[in-house]
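The values are calculated or read from the model by the stated rules, or taken from the named source; none is laboratory data. Note that the coordinates shown come from a computational prediction; the quantities given were computed from them, not determined experimentally. Cβ placement follows ideal geometry from the backbone for every residue including glycine, while neighbour counts extend to all protein chains displayed. Please note that ligands, DNA and RNA were not included when accessible areas were found on the heavy atoms of the full protein model with its side chains. Shrake-Rupley method; radii C 1.70, N 1.55, O 1.52, S 1.80 Å.
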Amino acid sequence: AISTFAPWGLLAAREKPVVVSLQGGEPDGRFVSHPRLFRALLARASGVGACAESLARSARALDPSLRVPLEVIPNGVDVDFFSATPRTSSSRAYLLAAGRFTPQKGFDVLLAAAARVDAVRRGNLDLVVAGDGRGESELLSSARRLGIAERVQLPGAVDASTLRRLYQGAVAVVVPSRWEGLPLVCLEAMASARPVIASRVDGIPDAVVDEETGLLVPADDADMLTAAIERVLADPAWAERLGAAGAKRARTRFAWPIVAARYLGLLARAVPAVRP
């Protein structure tokens, strides 16, 4: 749902059926910055899909008279790939976060929360943040200011196989985003059978079921995030049950064969609508 894509969709719709797949909003968290333009695209679409219920609601609010069905089809994950590596034990226990170093991802909140976690303060738990971006220097400065620089690891952007190993070895995966569509990190962590601690924003609750596959906390709330991390650390057996439930949910709802079949259905329904 990024307004700059809308003109290309409108041009394409003159010649071919266009299916709009809503994956997220503008960089500042809004659904769209040019609603009239995007409403025109929805009006010309032969099909509309949304990866999260929140995006579907925003689209319906933008165009209450939407003439084509709007189907919520989640993002997919390669469950077999992320579950293939046996669990390995790291020399040091760690929490994992992954993503671009941008304000959207809320890693600054995660650092503030980690600095309050007892195991981090005592030097028994690390924080690994995989990714890159212009915000790296700010994260490093924050870690030093909070006194946890020795506990924070920034391995940079990693390939899929490395990320898979990082998921498998993590105590929990933390997704402290301020806004999202339906983040792949949640799905990949669940497929890896790891408990997810995440913000209760946008499409994240579509994936992470609070108290069942992980814990959801308000965005921008370091205190609540700290408390959630402490809960998971305090009961490893419960954390493993959360991870197992997440793996089951990933396999039955977000595995690519399931998601791909739904997209194929959406595309197939869009084509007859324009045939003579």
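Just one of VAL68, VAL117, VAL79 is touching a residue at least 24 places away in the same chain (Cβ under 8 Å) and within 27 Å of ALA234 (Cβ to Cβ); which is it?
Details: VAL68 fails: within 27 Å of ALA234 (Cβ to Cβ); VAL79 fails: within 27 Å of ALA234 (Cβ to Cβ).
Among VAL68, VAL117, VAL79, only VAL117 is touching a residue at least 24 places away in the same chain (Cβ under 8 Å) and within 27 Å of ALA234 (Cβ to Cβ).
Does THR252 qualify as being at pLDDT 95 or above, of a type in the set (Ser, Thr, Tyr) and more than 26 Å from PRO69 (Cα to Cα)?
Numbers: at pLDDT 95 or above: yes; of a type in the set (Ser, Thr, Tyr): yes; more than 26 Å from PRO69 (Cα to Cα): no.
When the stated conditions are applied, THR252 does not pass them.
Could you please let me know if LEU242 is under 28 Å from ASN124 (Cβ atoms), crowded, with 23+ Cβ neighbours inside 10 Å and in contact (Cβ under 8 Å) with a residue 40 or more places away in the chain?
Yes.
Among what's in the range 170-220 and is in a helix (DSSP H, G or I) and among the acidic types (Asp, Glu), pick the residue that is surrounded by the most Cβ atoms within 10 Å (Cβ to Cβ).
Within the range 170-220, the subset in a helix (DSSP H, G or I) is 184-191, 204-207.
Subsequent filtering for residues that are among the acidic types (Asp, Glu) retains 188, 206.
Working: GLU188: 24, ASP206: 21.
Per the criteria, the residue is GLU188.
Restricting attention to the range 25-57, which residues are over 30 Å from SER192 (Cβ atoms) and open to solvent by 30 Å² or more (accessible area, probe 1.4 Å)?
Passing the criteria: ASP28, ARG30, PHE31, SER33, HIS34, PRO35, ARG36, LEU37, ARG39, ALA40, ALA43, ARG44.
Pick from GLY265, GLY214: which is among the small types (Gly, Ala, Ser) and under 12 Å from ALA172 (Cβ atoms)?
GLY214
Suppose we filter the range 90-118 for residues that are within 13 Å of GLU150 (Cα to Cα) and either modelled with pLDDT of 95 or more or buried (at least 21 other Cβ atoms within 10 Å of the Cβ) (or both); how many remain?
Number satisfying all stated conditions: 4.
Among the residues of the range 144-152, is there at least one that is open to solvent by 20 Å² or more (accessible area, probe 1.4 Å) and either in contact (Cβ under 8 Å) with a residue 60 or more places away in the chain or of a type in the set (S, T, N, Q) (or both)? Step through it out loud before you land on a result.
Taking the range 144-152 first, the residues open to solvent by 20 Å² or more (accessible area, probe 1.4 Å) are 144-147, 149-152.
The next check asks that each one be either in contact (Cβ under 8 Å) with a residue 60 or more places away in the chain or of a type in the set (S, T, N, Q) (or both); those that pass are none.
No.
Restrict the check to the range 133-145 and report whether at least one residue is part of a loop (DSSP other than H, G, I, E, B) and either at pLDDT 95 or above or within 13 Å of TYR94 (Cα to Cα) (or both).
Checked against the condition, which is being part of a loop (DSSP other than H, G, I, E, B) and either at pLDDT 95 or above or within 13 Å of TYR94 (Cα to Cα) (or both), the range 133-145 yields no hits at all.
Any residue that is within 29 Å of ARG194 (Cα to Cα), surrounded by 15 or more Cβ atoms within 10 Å (Cβ to Cβ), under 23 Å from the mean Cα position of the chain (by Cα) and touching a residue at least 24 places away in the same chain (Cβ under 8 Å) - is there at least one of those in the range 1-20?
Within the range 1-20 (the criterion being within 29 Å of ARG194 (Cα to Cα), surrounded by 15 or more Cβ atoms within 10 Å (Cβ to Cβ), under 23 Å from the mean Cα position of the chain (by Cα) and touching a residue at least 24 places away in the same chain (Cβ under 8 Å)), the answer is no, since none of the residues qualifies.
So MET224 ticks every box in (1) in a helix (DSSP H, G or I); (2) closer than 20 Å to ARG116 by Cβ; (3) open to solvent by less than 80 Å² (accessible area, probe 1.4 Å) but one. Which box is left unticked?
(3)
Which of the residues spanning the range 157-173 are within 11 Å of VAL128 (Cβ to Cβ) and in contact with a Gly (Cβ under 9 Å, 6 or more places away or on another chain)?
Answer for the range 157-173, where residues must be within 11 Å of VAL128 (Cβ to Cβ) and in contact with a Gly (Cβ under 9 Å, 6 or more places away or on another chain): VAL158, VAL173.
If I ask for residues that are in contact (Cβ under 8 Å) with a residue 60 or more places away in the chain, among the small types (Gly, Ala, Ser) and over 21 Å from LEU184 (Cβ atoms), which ones from the range 203-239 would you list?
Within the range 203-239, ALA222, ALA239 qualify.
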